[in-house]
Each structure stands twice: as structure tokens, then as C-alpha cells.
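Q: Input: one structure, supplied below.
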Amino acid sequence: MKGRKVIITGVPGVGKTTVITTAMEKLAAEGITYQAINFGSFMFEVAQKENIVKDRDEMRKLDRDTQKRLQQLASQAIANISGNVIVDTHASVKTPKGYLAGLPEWVLRGLMPDMIVLVETDNDQILMRRLSDETRVRDKEGSRSIDGHQQFNRSIAASYAMLTGCTVKIITNADHLLDVAVSEMVEALR
Ligand code: AMP
Ligand code: MG
């Protein structure tokens, strides 16, 4: 049977990775397995070997051509993985030169997702989560700018649906309601 390819996106700090990890545990208990792949980790592995960044949060500040080259390499590696796959990534990456499509046409054609999930929540919740996350170098931006990014992600997800015929699922990961987000994710992945 052909595996399912699901792409999970959301602005930095929305809690994508947490929702994915918890949903996968619940699915495994039902005998449904997915391989979770972090797109940024594939890019970071190459970037680290080339000594061009110290941490993964520096990648979005690299020049455009370098980011696109790393993106291309990661997408080729990921496209070769078979079975049920969850790709933890970004609908768009906020760079100093503007939004960079996380899934430009040449990336999407390789991945051919069945579904794109947008994990969202209120802008001020994201702002607070970023401020309290000491494990990452999160961008310091105001609620308005976070709102702009979330809106841009919805728009670009629509174009991804046009290119692939995938569905777009929006899941809210609100404060104190992680379990609601996880149930919706489980439902979407089942
Ligand atoms: P994350 O750990 O998901 O926040 O990803 C770390 C970094 O990887 C991001 O800040 C981006 O620089 C990069 N990245 C992840 N996914 C993509 C993508 N689809 N296209 C371009 N860059 C990406
Ligand atoms: Mg993450």
C-alpha cells in the first residue's frame, strides 16, 4: 500500500513538534505508525558539515541561494523515504529578505503530500511561548508580525493544495488545550 505523506507546518513556537510527538504515541498504541521527519534537521545536518551555521536557527538568516540549496538536498532525501511519513516543516520561512516558500514547486513535486496541516494559535500565545523557550533562538517579533506570518502561511498553503491536490487541515494548539490539538491530529492521521 502506498504510504501517506503528511506535511505539518506552523510558525516557530506554535508547538508543532510537541503535537506531532504526542499524536504519534497515541497512534502507535492503535497500531498506526508514521515515521516523523524533521525537514530542518536534514538541512541542518548538511549546514553543520559545511560549517556555515552554529545552530539551526541561523539557517533562516543564510543567503537565499544557500537556503534553497539546503532545502533542495533535504527534499530529495525525504522524497526517497517510503511508508507513512510525517514531515515537520514550515509553510514559509521568515528570512531577512522576506518569506521564503518552505515548499516551492520543485520540493512539492518530490514530496507529493496527501495533506498539509497548519498548526496555529493566537498570536500573543505564540509570542509568550517564544519568550519562554530557552532551547531555541526564536525571532523576537510582535503579535502583529506573527499574525502576518500565520496569514501568509494560510495563503501559501492554498497554493500548495492547488499544485498537489492535497487537503489543508487547520489545527489550533491553544494554551492548556494541547490534548484537543493532539486528538485532532490523531484524527487527521488515522
Ligand atoms: P524547525 O526546527 O522546524 O524550526 O526548523 C529549523 C530551521 O530549518 C528553520 O528555521 C528553517 O531555517 C529551516 N527549514 C525547515 N523547513 C524548511 C523548509 N521547508 N524550507 C526551508 N527551510 C526550512
Ligand atoms: Mg519544531
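Q: Within segment 168-190, which residues are without any contact (Cβ under 8 Å) to a residue 60 or more places away in the chain and within 19 Å of Gly83 (Cα to Cα)?
A: Listed by number, the list holds a single entry, Glu187.
Q: Yes or no: segment 64-76 includes at least one residue that is loosely packed, with under 14 Cβ neighbours inside 10 Å, in contact (Cβ under 8 Å) with a residue 12 or more places away in the chain and within 16 Å of ligand 2 (Cβ to nearest atom).
A: no
Q: Then there is this: Could you run through segment 51-86 and say how many residues are over 26 Å from Arg130 (Cα atoms) and outside any helix (DSSP H, G or I)?
A: Matching residues across segment 51-86 total 7.
Q: Ala47: assigned to a helix (DSSP H, G or I), touching a residue at least 60 places away in the same chain (Cβ under 8 Å) and buried (at least 16 other Cβ atoms within 10 Å of the Cβ), yes or no?
A: no
Q: Next up: In segment 12-43, what residues are in contact with a strand residue (DSSP E or B) (Cβ under 8 Å, 6 or more places away or on another chain) and aliphatic (A, V, I, L, M)?
A: Within segment 12-43, Val14, Val19, Ile20, Met24, Ala36, Ile37 qualify.
Q: Failed condition for Asp88, given (1) among the charged types (D, E, K, R); (2) over 19 Å from Lys16 (Cβ atoms); (3) at pLDDT 95 or above, with all others met?
A: It fails just one condition, (2).
Q: Between residues in segment 4-25 that are touching a residue at least 60 places away in the same chain (Cβ under 8 Å) and among the polar types (S, T, N, Q) and residues that are within 10 Å of ligand 2 (Cβ to nearest atom) and part of a helix (DSSP H, G or I), which pairs lie under 8 Å by C-beta distance while being six or more apart or on different chains?
A: Thr9/Lys16
Q: How many of the residues making up segment 86-116 are among the small types (Gly, Ala, Ser) and either in contact with a Leu (Cβ under 7 Å, 6 or more places away or on another chain) or within 17 Å of Val168 (Cα to Cα) (or both)?
A: Summing the residues that are among the small types (Gly, Ala, Ser) and either in contact with a Leu (Cβ under 7 Å, 6 or more places away or on another chain) or within 17 Å of Val168 (Cα to Cα) (or both) in segment 86-116 gives 4.
Q: What single numbered condition from (1) of a type outside the set (S, T, N, Q); (2) crowded, with 19+ Cβ neighbours inside 10 Å; (3) over 13 Å from the mean Cα position of the chain (by Cα) fails to hold for Phe39?
A: Phe39 satisfies every listed condition except (3).
Q: Can you pull out every residue in segment 113-134 that is assigned to a strand (DSSP E or B) and touching a Phe, Trp or Tyr at 6+ places or on another chain (Cβ under 9 Å)?
A: The one that is assigned to a strand (DSSP E or B) and touching a Phe, Trp or Tyr at 6+ places or on another chain (Cβ under 9 Å): Ile116.
Q: Could you say whether any residue in segment 85-100 is touching a helix residue (DSSP H, G or I) at 6+ places or on another chain (Cβ under 8 Å), among the small types (Gly, Ala, Ser), crowded, with 18+ Cβ neighbours inside 10 Å and farther than 21 Å from Arg136 by Cα?
A: So far as segment 85-100 goes, no, none of its residues is touching a helix residue (DSSP H, G or I) at 6+ places or on another chain (Cβ under 8 Å), among the small types (Gly, Ala, Ser), crowded, with 18+ Cβ neighbours inside 10 Å and farther than 21 Å from Arg136 by Cα.
Q: Related question: Sort out which residues of segment 4-31 are among the β-branched types (Val, Ile, Thr), part of a helix (DSSP H, G or I) and within 16 Å of ligand 1 (Cβ to nearest atom), and write them in order of number.
A: Thr17, Thr18, Val19, Ile20, Thr21
Q: Which condition does Leu163 not pass, out of (1) within 20 Å of Pro12 (Cα to Cα); (2) surrounded by fewer than 20 Cβ atoms within 10 Å (Cβ to Cβ), if it passes all the others?
A: (1)
Q: Quickly run through segment 135-153 and pick out the residues that are assigned to a helix (DSSP H, G or I) and either farther than 17 Å from Thr89 by Cβ or of a type in the set (A, V, I, L, M, F, W, C) (or both).
A: Of everything in segment 135-153, those that are assigned to a helix (DSSP H, G or I) and either farther than 17 Å from Thr89 by Cβ or of a type in the set (A, V, I, L, M, F, W, C) (or both) turn out to be Ser143, Arg144, Ser145, Ile146, Asp147, Gly148, Gln151, Phe152.
The values are calculated or read from the model by the stated rules, or taken from the named source; none is laboratory data. Please read all numbers here as calculations on a predicted model, not as lab measurements. Here Cβ is always computed from backbone atoms with ideal geometry, including for glycine, and neighbour counts include all displayed protein chains.
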